Every structure is written in C-alpha cells, then in structure tokens.
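Below is one structure, written out as structure tokens; the observations come after it.
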Amino acid sequence: MSERWALVTGASRGIGRSIAKDLAQQGMHVVVNYHSSPDKAAEVVAEIEAAGGSATAVGFDVSDRTAVESALADLLEQYDSPHVLVNNASIIRDGLMVFMKPEEWSDVVTTNLGGFYNVTRPCLKPMIRERRGRIINITSVAGVTGNAGQVNYSATKAGLIGATKSLAKELAKRGITVNAVAPGFIETEMTKNLPLDSIRGAVPAGRIGSPEEVAAVVRFLASDDASYVTGQVIGVNGGLI
Ligand code: NAP
C-alpha cells in the first residue's frame, strides 16, 4: 500500500475522533482504534468516508499486550510502517490518593502508560527501516502541573512526557519525530462530570477547548512542516499554564 496511513488509538470519540477525522482530511488512510465502542468507531469511519476519505475501524484494548501485538502484526503486514502513530487512548479513575484502590492505580497505569509501550514498540522497527514516521503522544496539563484527585492519571501523563523526550532522542537520527500534545480542559466525555462553568473562569481564554483545536496541533506535528520539531510538549490549554 503506497498511501500514507495513520493509527489513532482511542479514536471512537472525543479528541481521538477529531484527530482521526482531521488526519483523514489530510489524505491519509486512518485506522480508527476503539476498545468498547465499535458502533461509535463505525460512525467515525462512515463520517470519514462520507467526506471522501478512507478509514478502517480496528478494535483492541491498548492495555492487552497480546491483543495489541496480534492486531499490529496484521496492520503492519497489510499497510507496512505507519506514517503517523497517535497514542491517544486513555482512562481516568479519579479520587484522592488516600482512598485510591490498587486497581484504580494499576488500570490507569496499564492503559495510559502500558498502552503507549504496547502500541509503539511493534511500530518502531518498521519505522526505523523506512527512516520516517511521526509519533504523537496525547498527554495532559495534569502531567505537567499535577492535579489533586488525579495522582494515578498525572503520573501516567508525566511518564508519557519522559518517554516522549527519551524516545525522541533515540529516534532523531532515524528521521522519526516524537512529540507530545498536552491539552488543558477540552469538552469530551472525559470532562463531562467536571464543573465546566467554574473551570471556565480559571482559564485565561475564558472557555473550554474543543477536540478540533487539539487535532489541529496534531495535524501540524504530523505534517512535513514539523520535520525539525521533536521531543517537545505542546500545550493546548487556553493559557492555563
Ligand atoms: P474520552 O472522551 O474519554 O475518549 C477516550 C477514548 O479512549 C475512547 O475512544 C475510548 O474508546 C478509548 N479507550 C479507552 N480505553 C481504551 C483501551 N484500553 N484501549 C483502546 N482504547 C481505549 O477521552 P478524551 O477526552 O477524548 O481524551 C483523549 C486524550 O486526551 C486522552 O489521552 C486524555 O488523557 C487526553 N486529555 C483529555 C483532556 C480533556 O479535557 N478531555 C485533557 C487533557 C488530556 P472506547 O469508547 O471504544 O472504549
């Protein structure tokens, strides 16, 4: 397959959905990964196709290494090395650390940070062989500043920043860039239970961000224009930090 292609994890809704649609608009074939929402992933594929683009929905749990390896083996055989990999899939299990159950810690770590490892590592050899590729990790303002009630989530998002910077150094000479995008408050299901009205007041821009505004930064990092940008963390937060 000669077409450029992108794998976006957790693309059935929210920010991942917008990233998938945006990359498809740039002419890439997009693999729309989902875990528990096959119908929503199918909707994303249908929307991309209705707009003249091309996409496939592929279900796997990023925290399940065996499932990821099997899905990626098929994808790499079918499409060869990905041009763009967006590690977006993530969960929250919020609560104060003093009350945090072991599984609330481990589920978040194995999905948010383990998922990055599980999905990225099998893509590296093909990317290195082709001497090209863009890896874009969706982290969070919580991984930069910390956030009470999100010790587990913040730890994974800070870990993702460290991994981004280290992997960027490993791959820079191979023509592969690795960057992170750190959204602030973005209107999605992940933030639907937050007091967004009061949060608005704390954001210098005076509003919550949209998934499309995050996707626009991913688009830039995935583009040829970003060829000398690597190891960076780009905030999309309305001036929050
Ligand atoms: P969201 O609306 O909760 O969507 C999460 C997506 O991740 C869904 O498509 C879900 O798929 C997928 N997912 C969850 N667990 C998965 C797993 N084990 N394997 C594969 N896919 C899985 O979240 P969002 O707000 O769009 O967030 C997207 C990214 O932005 C995340 O990395 C998040 O941490 C980051 N972020 C968001 C905000 C914000 O304000 N929204 C702020 C900072 C950072 P299924 O539904 O199919 O399970």
> List, please: which pairs have Cβ atoms under 6 Å, are six or more places apart or on different chains, and start with a residue in segment 201-225 that is of a type in the set (A, V, I, L, M, F, W, C) and end with one that is in a helix (DSSP H, G or I)?
Replying inline: Ile208/Leu196; Val214/Ile15; Ala215/Ser18; Ala215/Ile19; Ala215/Asp22; Val218/Ile19; Phe220/Ala226
>> Among the residues in segment 105-113, are any of a type in the set (Ser, Thr, Tyr), open to solvent by 70 Å² or more (accessible area, probe 1.4 Å) and either more than 16 Å from the chain's Cα centre (by Cα) or within 11 Å of the ligand (Cβ to nearest atom) (or both)?
In response: no
>> What's the total number of residues in segment 72-83 that are part of a helix (DSSP H, G or I) and open to solvent by less than 30 Å² (accessible area, probe 1.4 Å)?
In response: 3
>> Looking at segment 1-20, I want the residues that are of a type in the set (Ser, Thr, Tyr) and have a partner that is more than 10 Å from the ligand (Cβ to nearest atom) and at pLDDT 95 or above with Cβ atoms under 6 Å, at least 6 apart or on another chain. Which pairs are those?
In response: Ser18/Glu212; Ser18/Ala215
> Would you say Asp39 is more than 11 Å from the ligand (Cβ to nearest atom), surrounded by fewer than 20 Cβ atoms within 10 Å (Cβ to Cβ) and of a type in the set (D, E, K, R)?
Replying inline: no
> How many of the residues making up segment 206-223 are open to solvent by 60 Å² or more (accessible area, probe 1.4 Å) and either over 19 Å from Thr164 (Cα atoms) or assigned to a loop (DSSP other than H, G, I, E, B) (or both)?
Replying inline: 3
> In this structure, is Leu240 surrounded by 16 or more Cβ atoms within 10 Å (Cβ to Cβ), modelled with pLDDT of 95 or more and over 27 Å from Val30 (Cα atoms)?
Replying inline: yes
> Which members of segment 19-33 meet the condition of being small (Gly, Ala, Ser) and surrounded by 24 or more Cβ atoms within 10 Å (Cβ to Cβ)?
Replying inline: Ala20, Ala24
> If a residue has to be more than 10 Å from the ligand (Cβ to nearest atom) and open to solvent by 60 Å² or more (accessible area, probe 1.4 Å) to count, how many in segment 194-204 make the cut?
Replying inline: 7
> List the pairs whose first member sits in segment 135-164 and is within 30 Å of Gly175 (Cβ to Cβ) and among the hydroxyl-bearing types (Ser, Thr, Tyr), whose second member is within 12 Å of the ligand (Cβ to nearest atom) and not in a helix (DSSP H, G or I), and whose Cβ atoms are under 6 Å apart, counting only residues at least 6 apart or on separate chains?
Replying inline: Thr139/Ala180; Thr139/Ala182; Ser140/Ala182; Thr164/Asn137; Thr164/Ala180
> In the set Glu69, Glu3, Glu49, which member is surrounded by fewer than 19 Cβ atoms within 10 Å (Cβ to Cβ) and closer than 23 Å to Thr164 by Cα?
Replying inline: Glu69
> Do any strands (runs of 3 or more DSSP E) entirely within segment 1-71 hold 1 or more residues that are more than 19 Å from Pro126 (Cα to Cα) and not basic (Lys, Arg), and if so, which?
Replying inline: 29-34, 54-59
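The values are calculated or read from the model by the stated rules, or taken from the named source; none is laboratory data. Note that the coordinates shown come from a computational prediction; the quantities given were computed from them, not determined experimentally. Ideal geometry is used to build each Cβ from the backbone, glycine not excepted, and the neighbour counts take in all protein chains shown. To get the accessible areas, we keep the full protein, side chains included, count just its heavy atoms, and leave off ligands, DNA and RNA. Shrake-Rupley method; radii C 1.70, N 1.55, O 1.52, S 1.80 Å.
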